[in-house]
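Visitor: There's a structure below that I have some questions on.
Read-outs: derived from the displayed coordinates by stated rules, not from any lab. Just so it is clear, the structure is predicted and the values come from calculations on it, not from any experiment. Every residue, glycine as well, gets a Cβ built from its backbone with ideal geometry; the counts of neighbours run over all protein chains shown.
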């Protein structure tokens with residue numbers, strides 16, 4: 001299934017802006033959430049084809065939300081790519097164990113992200 005709609009979940013306005021601009025310029029429809037709670041609300045109203053997930057956020061973190069989404073029959077089919085500043089190998093392994101399909105560290109490189117999205121679609 002081709003990826004057209006992307007949900008960006010990140011508490012940083014700068015990261016949300018960067019990712020939204022990048023994806024919009026490349027033909028994706030983008031919505032954004034600044035925390036897990038807002039992301040869950042948006043997921044209920046509009047199921048995206050892909051979620052770009054930060055890890056370090058206030059309240060529920062990205063690992064916890066990814067695990068929750070991967071266990072929910074309504075959202076478990078939506079691939080998650082973690083986009084985070086947590087760059088240890090143990091973080092990467094933990095993110096993938098929670099259900100993420102891929103893991104990128106910040107600063108996210110535009111070409112690398114687009115390549116990973118293309119590989120999913």
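Visitor: Please work out the C-alpha center-to-center distance from region 84-121 to region 1-56 and express it in whole Å.
Guide: Measuring centre to centre over Cα atoms gives 14 Å.
Visitor: Within 10 Å, count the other beta carbons around each residue, average over each peptide in 102-114, 28-40, and list them highest first.
Guide: Working: 102-114: 15.1, 28-40: 18.8.
Per-residue Cβ counts within 10 Å, averaged per peptide and sorted highest first, yield 28-40, 102-114.
Visitor: Considering all alpha-carbon pairs of region 5-120, what whole percent are spaced by more than 22 angstrom? Provide the component values of the computation, followed by the final result.
Guide: Numbers: 1453 of 6670 pairs.
When every Cα pair of region 5-120 is considered, 22 percent fall beyond 22 Å.
Visitor: Would you mind ranking 57, 82 by Cβ crowding within 10 Å, fewest neighbours first?
Guide: 57, 82
Visitor: Shape of region 1-52 from its Cα gyration tensor (a ≥ b ≥ c, root eigenvalues): rounded if a/c is under 1.5, otherwise prolate when a/b > b/c, or oblate?
Guide: On the way: a/c = 2.55, a/b = 1.07, b/c = 2.37.
It is oblate, given that a/c is not under 1.5 and a/b is not larger than b/c.
Visitor: Given R₀ = 25 Å, what would the calculated FRET efficiency be for residue 47 paired with residue 90, taking r from the Cβ atoms and rounding to 0.05? Please list the in-between numbers first.
Guide: On the way: r = 31 Å, r/R0 = 1.24.
Efficiency for this residue pair is about 0.20.
Visitor: Okay, moving on. So for the pair residue 109, residue 24, with labels modelled 7 Å out along Cα→Cβ, what separation do we get in nm?
Guide: Each label point is offset 7 Å from its Cα along the Cβ direction, giving 2.6 nm.
Visitor: Given the rule -39500 (n - 2.57) for each run of at least 4 DSSP H residues, summed and divided by the residues of the chain, what is its mean residue ellipticity at 222 nm, to the nearest 500 deg cm²/dmol?
Guide: Helix contribution divided over all residues of the chain: -13000 deg cm²/dmol.
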